[in-house]
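Below: one structure, written as structure tokens.
The values are calculated or read from the model by the stated rules, or taken from the named source; none is laboratory data. Everything numeric here is computed off the predicted structure, so don't read it as measured data. Cβ atoms come from the backbone with ideal geometry, glycine included; neighbour counts cover every protein chain shown.
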Amino acid sequence: MIIVKAYSYATGKKLSDIYTTAEIKFKDEGTVESWVRSYVRLADVLSLMNGNPDGTFALGDSATMVQAEVIIKRLLKKSGKL
């Protein structure tokens, strides 16, 4: 997940230093590899991305331009760049 890596780069925090104890469960999380699941959980815990109202993350779906804009703005705010 590029957005989580971008957050790590922008803040100087190593991914290995970002911990989450949250057990976020998306209905479709079993459809992705475990390493992807950890990025999905970090993106959610860091409030960079959220799941869908139906309880899915829909990792295979494309983001709309508006969704991408929201994600980028969140990244900039969280990293102190905005």
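For the stretch 7-29, what are the residues that are assigned to a helix (DSSP H, G or I) and among the hydroxyl-bearing types (Ser, Thr, Tyr)?
Tyr7, Ser8, Tyr9, Thr11, Ser16
Are any of the residues in the stretch 64-73 under 17 Å from Tyr7 (Cα atoms), in contact with a Leu (Cβ under 8 Å, 6 or more places away or on another chain), surrounded by fewer than 16 Cβ atoms within 10 Å (Cβ to Cβ) and modelled with pLDDT of 90 or more?
Yes: one or more hits.
Which ones in the stretch 47-60 are exposed (fewer than 12 other Cβ atoms within 10 Å of the Cβ) and modelled with pLDDT of 90 or more?
Passing the criteria: Ser47, Pro53, Asp54, Gly55.
Among the residues of the stretch 49-69, are any assigned to a loop (DSSP other than H, G, I, E, B), β-branched (Val, Ile, Thr) and within 14 Å of the chain's Cα centre (by Cα)?
yes
I need every pair where a residue in the stretch 26-48 that is at positive phi has its Cβ under 8 Å from the Cβ of a residue that is in a helix (DSSP H, G or I) and among the polar types (S, T, N, Q), sequence separation at least 6 or different chains.
Cβ pairs passing all conditions: none.
Go through the residues of the stretch 15-33 one by one and say whether even a single one is small (Gly, Ala, Ser) and surrounded by 13 or more Cβ atoms within 10 Å (Cβ to Cβ).
No, there is no match, as no residue in the stretch 15-33 is small (Gly, Ala, Ser) and surrounded by 13 or more Cβ atoms within 10 Å (Cβ to Cβ).
I'd like to know if the stretch 36-46 contains one or more residues that are surrounded by fewer than 11 Cβ atoms within 10 Å (Cβ to Cβ), of a type outside the set (D, E, K, R) and either assigned to a loop (DSSP other than H, G, I, E, B) or more than 10 Å from the chain's Cα centre (by Cα) (or both).
No, that holds for no residue.
For the stretch 23-41, what are the residues that are out of contact with any Phe, Trp or Tyr (no Cβ under 8 Å at 6 or more places or on another chain) and within 19 Å of Ile71 (Cβ to Cβ)?
Within the stretch 23-41, Ile24, Val32, Val36, Arg37, Ser38, Tyr39, Arg41 qualify.
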